[in-house]
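The next block holds one structure in the form of C-alpha cells; read it before the comments.
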Amino acid sequence: MSTNRFRYNTATTLDGYLADVHNSLDWLFVQTFDEAGPMSMNAFLADIGAIVMGSTTYRWLLEHEISADSPWPYTQPCFVFTHRDLEPVADTVHIVAGTPADLRERIVAAAGDRDIWVVGGGDLAAQFAAADMLDEVTVSIAPVTLGAGAPLFPRPFDLELTEIARNGDFACLRYRVVGPRKPADSAGETA
Ligand SMILES: NC(=O)c1ccc[n+]([C@@H]2O[C@H](COP(=O)([O-])OP(=O)(O)OC[C@H]3O[C@@H](n4cnc5c(N)ncnc54)[C@H](OP(=O)(O)O)[C@@H]3O)[C@@H](O)[C@H]2O)c1
C-alpha cells in the first residue's frame, strides 16, 4: 500500500475564503510571511512529488504568474481537473477529468515516494477528502475577512489539530483529516 500523503495546503482568510468573488488574491499579497520561518511553503514543497488543482486555480496561475520571463513554477507533475479542453502550459502539466478515485493510481505513481499537494480550490480538496484521499489540511490564516468568495472547504468533515505556528501576519494551523462529520446523535442534540 502507498504511503504517500495527500496534503491540502493553502492560505485562507479568517472567514474561510481562498479568493474573493472576482478570484482576486490582493488581500493575500499585502500580508507578511517569512519563507525562513515556521511552516514555510519551501519546506513543504521539498516533500511534494505531485500536485493537483482545479481549473480556476490553474487559469489564475496562467494569468497572473506565468509569462515569457516567468515559466511554470513547479517541477513536479501537476494534474489539473477540468471538464474543458485546456492547454497544458508545460510537459509536466496533465489536464484530467474524473473523480479523485479515478485518478488516484496515476497521481500516486507520479508522486513516487513523496506526498501529493492538493492546492485547491476548496471543493476539489473536499472531493479528495470524500474519496478518503486527504490526510492533512494546512491553512495559513490571513488577518482579513472578505464576506464572500471561493470557499476553503465546503463539505462537513472532522479534523484534529496537530500543529500551530505564527509566521508573520499568518496563524498557521495543521490538521489531520479524521473523516466525514457524523450527524449528532439524539443525546447530543438534546443536551
Ligand atoms: N489562497 C490560496 O492560497 C489559494 C489556493 C488555491 C486557490 N486559490 C484561488 O481560489 C480560487 C479557487 O477557485 P474555485 O473555487 O473555482 O476552485 P478550483 O478547484 O480552482 O476550480 C474549480 C473547477 O475545477 C474543475 N473541477 C473540480 N473538480 C473537478 C472534477 N472532479 N473533474 C473535473 N473538473 C473538476 C471545474 O472546472 P471546469 O469548470 O473547467 O470543468 C471547476 O469549475 C481561485 O481563484 C484560485 O486562484 C487560492
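The values are calculated or read from the model by the stated rules, or taken from the named source; none is laboratory data. Since the model is a prediction, treat every value here as computed from it, not as a measurement. Cβ placement follows ideal geometry from the backbone for every residue including glycine, while neighbour counts extend to all protein chains displayed. With ligands, DNA and RNA removed, areas are computed over all heavy atoms of the protein, side chains included. Shrake-Rupley method; radii C 1.70, N 1.55, O 1.52, S 1.80 Å.
Structure summary
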| quantity | calculated |
| --- | --- |
| Whole-number accessible area per residue in Å² for the chain, which is evaluated in the context of all protein chains at 1.4 Å | 54 Å² |
| Distance (nanometres) between label positions extended 7 Å along Cα→Cβ at D91 and T56 | 3.3 nm |
| Most positive-pole-ward Cα, V108, H83, C172, against dipole of the chain from beta carbon charges | V108 |
| Other-chain or far-sequence residues with amide H under 5 Å of A171's (modelled H) | I141 |
| Counting DSSP beta bridges with both ends in the range 6-180, the antiparallel % (nearest 5) | 45 percent |
| Heavy-atom accessible area order for E160, E87, largest first, 1.4 Å probe | E87, E160 |
| Three-way shape label, the range 43-170, alpha-carbon gyration tensor, a/c 1.5 | rounded |
| Gain on full stretching of the segment that runs from W72 to D34 - 0.36 nm per residue minus C-alpha separation | 11.4 nm |
| For peptides 141-149, 45-53, sequence by mean Cβ density within 10 Å, most packed first | 45-53, 141-149 |
| Average Cα contact separation per residue, the chain, under 8 Å, 6 or more apart, as relative contact order % | 34 percent |
| Helix-only CD estimate at 222 nm, as mean residue ellipticity for the chain, using -39500 (n - 2.57) per DSSP H run (n ≥ 4) | -6000 deg cm²/dmol |
| Rounded percent of accessible protein surface that carbon and sulfur make up, the chain, 1.4 Å probe | 52 percent |
| Modelled FRET efficiency - R0 22 Å, D158 with A101, Cβ distances, 0.05 increments | 0.60 |
| For the range 71-144, alpha-carbon Rg over 2.2 N^0.38 Å | 1.17 |
